[in-house]
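Reviewing the structure listed below.
Derivation of every value follows stated rules applied to the coordinates shown; laboratory data play no part. Only a predicted model underlies this, so the values are computations on that prediction, with no experimental measurement involved. Quick reminder, even Gly has a Cβ in these numbers, built from the backbone with ideal geometry, and neighbours come from all protein chains shown.
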Amino acid sequence: MPPVAEDRSCRSLPLQAVSRLLDTLDKPLMVADRGGSLLLVNTRARRCLEFQGFKETDDPNLFSDLLKLDAAGIFRQVENGEHEVSVQMGAAEKKIAARIQWIPECDWLVVEMENRTDGHASADPGTQPTVQELLQEREITYRNLLAAYLKLQEVNRQKTVFLASAAHELKTPLAVIKGYYDLLLAGSLGRLTDKQRDILEESKDSCERLVRLVSMFLNYSALESGKLVLQLRENDLRDCLDELSKRWGEAFQRKGVRLEANIDPSIPTFRFDYQKVQQVAANLLDNALKHTPKGGMVSLRAAPHFWERRVATMMPIEERRRFRLPRPNSAEVSVKDSGVGIPAEHHQEIFEDFVRVDRNTSGMGLGLAIAKRLIQAHRGKIWVESDPQGGSRFTFLLPMDQG
Ligand code: ADP
């Protein structure tokens, strides 16, 4: 089955070149003369013929060996103007559909074999894409996906920048509004009736919530853009949390939820970012207050903790012996509430960006995601334990040995 047969009719044509050209085609293609002798067989068609059982050295006749049809019948059709004839070639289960076209100028028949048999994908290796082609296709898909991903990332970045600048613009007017509420409530602009005071206090609450949302979003965008830097200094965790519980006392009182703070005085000073840790605890208190009904209770606790971290270099036997730490190496902070609780299936996802479970309360689903990032930036960890009947307990560990 030579790729180029002896030039029998069109001597002027450079058959070798035509053969090369045909090899570049995706489709199996053969050219035969009026007698059915194969003049040209491209690479894919050769593979098809091998699949049909022909050997490299065979020189099958188009009509008697391949189509099993009478040549006269085919020529009658094509010469009558039907320039294209569809036929089946090969044995039953290896049948391949073929289209025959006649080129009157050189009296040649061009046979184009189809990629499918009986409506199913052909198992013919000649018509199947090669491994190299599949790899190339995969490479192109991968590149396209990567380009689309990078584009999406850029659009996402632009969106975050836009929202951050919008949030930033809100900061100043909100601070002004809050200042006026404070002035009014302090009675500096005249005496207030009880009704007026109640209304103003409620409005101030909403304003403060808005301030927290804006600052939450600004923190999120700073974290997203990698601009947030920890200010690690020798600080006192007791000051940090006491200050916070005092600040939140009023809001808890107003809702009728008891806030209990229990900060162990034996926690030594250690290096951490005062503002960021306060923000994490504030996010947890905010959630506890939001999800605990009137008459409930929230407790904020902090105590020294022995955090036995597994170290990669430690031998397994030593690990099993659980070597003793000479002194607590971390601080454990927890916020426990007697609220609605969180079903176990949401315990992981609530720490992801924009995930909200309870749709009846306000929020952006960012509080816990920010808390998690800030704690991880301190090389600590945060988790939740909850039971839908018994409220929730959020805990974070802060290592005391910050570099
Ligand atoms: P947000 O409070 O803005 O919705 P968070 O990231 O702080 O976002 O919380 C995510 C979700 O976790 C909340 O929507 C809520 O369903 C749930 N959640 C968080 N804290 C508590 C809690 N103390 N009690 C019950 N559900 C909580």
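Each residue of segment 366-372 in turn: what ³J(HN,Hα) in whole Hz from Karplus with 6.51, -1.76, 1.60 and θ = phi - 60°, glycine and Pro shown as x?
10, x, 6, 5, 5, 4, 4
Taking the highest mean first, how do the peptides 152-163, 271-282 order by number of other beta carbon atoms within 10 angstrom per residue? Provide the component values of the computation, followed by the final result.
On the way: 152-163: 11.6, 271-282: 20.9.
The packing order, highest mean first, is 271-282, 152-163.
What does the convex hull of the Cα atoms of segment 201-287 come to per residue, in Å³, rounded to a whole number?
Looking at segment 201-287, the number lands at 93 Å³ per residue.
Spelling out what I want: for every residue of segment 192-200, take phi, set θ = phi - 60°, compute 6.51 cos²θ - 1.76 cosθ + 1.60 (Karplus), and round to whole Hz; glycine and proline get x.
Coupling constants for segment 192-200: 10, 6, 4, 5, 4, 4, 4, 4, 5 Hz.
Which cross-chain or sequence-distant (5 or more) residues have an amide H under 5 Å from the amide H of residue 342, H modelled 1.01 Å from N in plane?
Residues meeting the criterion, in which the H sits 1.01 Å from N, are 387.
Rounded to the nearest 5, what % of the DSSP beta bridges within the chain are antiparallel ones? Before the final figure, lay out each step's value.
Working: 48 of 54 bridges.
Close to 90 percent.
Taking amide H positions as placed 1.01 Å from N in the peptide plane, with prolines and chain starts having none, which residues 5 or more places from residue 235, or on another chain, fall under 5 Å of its amide H?
When sequence neighbours closer than 5 places are left aside, the close amide H contacts are 270, 271, 272.
Amide H of residue 330: which non-local residues (sequence gap of 5 or more, or other chain) have their own amide H closer than 5 Å, using H built in the peptide plane?
Under 5 Å from the amide H of residue 330 lie the amide H atoms of 305, 307, 400, each far enough along the sequence or on another chain.
Compare the peptides 214-223, 352-361, 142-151 by average per-residue count of other Cβ atoms within 10 angstrom and give them in order, highest first. List each step's numbers first, then the result.
Values: 214-223: 18.9, 352-361: 11.9, 142-151: 10.0.
Most protected by this proxy first, the peptides run 214-223, 352-361, 142-151.
Can you order the peptides 66-74, 46-54 by their average number of other Cβ atoms within 10 Å per residue, highest first? It would help to have the intermediate numbers written out before the result.
Working: 66-74: 16.3, 46-54: 19.4.
Going by the mean number of other Cβ atoms within 10 Å, highest first, we get 46-54, 66-74.
Divide the volume of the convex hull of the Cα atoms of the chain by its number of residues and quote the answer in cubic angstrom per residue. List each step's numbers first, then the result.
On the way: hull volume 123.9 nm³, N = 403.
Each residue corresponds to 308 Å³ of Cα convex hull volume.
Pop out the ³J(HN,Hα) list for segment 100-112 in order, Karplus 6.51 cos²θ - 1.76 cosθ + 1.60 with θ = phi - 60°, rounded to Hz; leave Gly and Pro as x.
10, 10, 9, 10, x, 3, 10, 6, 10, 10, 9, 10, 10
Report, in degrees rounded to the nearest 10, the 0 to 90 angle that the Cα long axis of helix 131-185 makes with the longest principal axis of the chain.
Around 20 degrees separate the two axes.
Starting from a Cα-only point model with no solvent, please compute log10 I(q)/I(0) by Debye for segment 17-107 at q = 0.20 1/Å.
Debye intensities relative to I(0), on a log10 scale: -1.04.
Kindly put 177, 382, 96 in sequence by how many other C-beta atoms sit within 10 Å of each C-beta, fewest to most. The partial results should precede the final answer.
Values: 177 15, 382 20, 96 23.
Final ranking by Cβ density, sparse to dense: 177, 382, 96.
What's the magnitude of the charge dipole for segment 144-188 around its Cα centre, counting Lys and Arg as +1 and Asp and Glu as -1 at the beta-carbon? Answer in Debye, nearest 20. Provide the component values of the computation, followed by the final result.
Details: 5 positive and 3 negative charges, 33 e Å.
That gives a dipole near 160 debye.
Within a Cβ distance under 14 Å of residue 212, other residues only, what is the Lys/Arg minus Asp/Glu net charge? Display every interim value, and only then the final one.
Values: positive: 171, 178, 204, 209, 247, 290; negative: 205, 208, 286.
Summing Lys and Arg as +1 and Asp and Glu as -1 gives +3.
Net charge within 10 Å of residue 278 by Cβ-Cβ distance, Lys/Arg positive one each and Asp/Glu negative one each, not counting residue 278 itself? Don't jump to the answer; show the numbers that get you there.
Details: positive: 247, 276; negative: 239, 243, 273.
Here the charged neighbours net out to -1.
Give me the mean projected area, in nm² to one decimal, of the convex hull enclosing the Cα positions of segment 338-377. Mind showing how you got there, number by number?
Numbers: hull surface 13.0 nm².
Averaging across all directions leaves 3.2 nm² for the Cα convex hull.
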